[in-house]
1. Determine, for Ser170, Ser77, Ser37, the number of other Cβ atoms within 10 Å of each Cβ, and report the residues in order from fewest to most.
2. Looking at the range 139-176, which trypsin sites (Lys or Arg not before Pro) are DSSP coil and have at most 15 other C-beta atoms within 10 Å of their C-beta?
3. Residue-wise, which Karplus ³J(HN,Hα) couplings in Hz belong to the range 117-134, taking 6.51 cos²θ - 1.76 cosθ + 1.60, θ = phi - 60°, and x for glycine or proline?
4. Scan the range 87-194 for GluC sites (Glu not before Pro) in coil per DSSP, keeping those whose Cβ has at most 12 other Cβ atoms within 10 Å, and list them by number.
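Values quoted throughout were computed directly from the atomic coordinates according to the rules given, and no laboratory measurement underlies them. Nothing here was measured: the structure is a model prediction, and the numbers come from that model. With ideal geometry, Cβ positions are generated from the backbone for all residues, glycine too; neighbour counts draw on all protein chains shown.
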Amino acid sequence: MELSVYLMPRYAWMLIVVFWFSPDMTLAQRNTTAVDSLVFVRDMPYICDRIPAEVLSVGCGDGIFWRVVSGKQAVISALIDRVSDTTQTNVFVPNFGGHYTVGDVAYVALQEIIHGVPTFDLLGVSFDEKGCGYCVYWNTIRNLKRRLRFQKALRGWHESNRKALVWKESNDFATCDCRGRHPNGGHFEIKGKN
């Protein structure tokens, strides 16, 4: 069992390479396949001194995660489609407990592609300034009905702002206290905001 868990990320990359270079696949199918690999993510960006990490280190996010993020605008719709996926990953949520689901990983990837997504407005809750802070996100999103409403609101937000997305070259990270070169070399913002 331990060996198969160790090999999962390598197996995932073989699938992605085979599907990515398959001449019969459309670009949309390739993007969906790349996003499907999020189930194999073993580390999420949290606190990291240097991305890309010189040595694989906890808190920097693994290669699968950052390769999906590097899909930029081409993977946005597929990421939104995955927000409702409650398949548990092997990644533990620091400070708040529990594990990331595929949907959670997809949403974090989306936030690294588009900075300034109004998470709490879309969730329909307020950031808990006097209590647990960001845990209100986790407490809300772990309910499937609320997760589905969030996904619908996120899709609507993206559709209404799609034409206002502008690319900004930057090494700013949206979801972690990380430093270094952002794998995308930038991110999208809503024109007129930030």
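1. Working: Ser170 14, Ser77 17, Ser37 21.
Neighbour counts put them in this order, fewest first: Ser170, Ser77, Ser37.
2. Working: sites: Arg142, Lys145, Arg146, Arg147, Arg149, Lys152, Arg155, Arg162, Lys163, Lys168; in loops: Arg142.
Listed in order of number, the matching sites are Arg142.
3. Result, ordered by residue: 5, x, 3, 6, 4, 5, 6, x, 9, 9, 4, 8, 5, 9, x, 8, x, 5 Hz.
4. Values: sites: Glu112, Glu129, Glu159, Glu169, Glu189; in loops: Glu129.
Those satisfying the criteria are Glu129.
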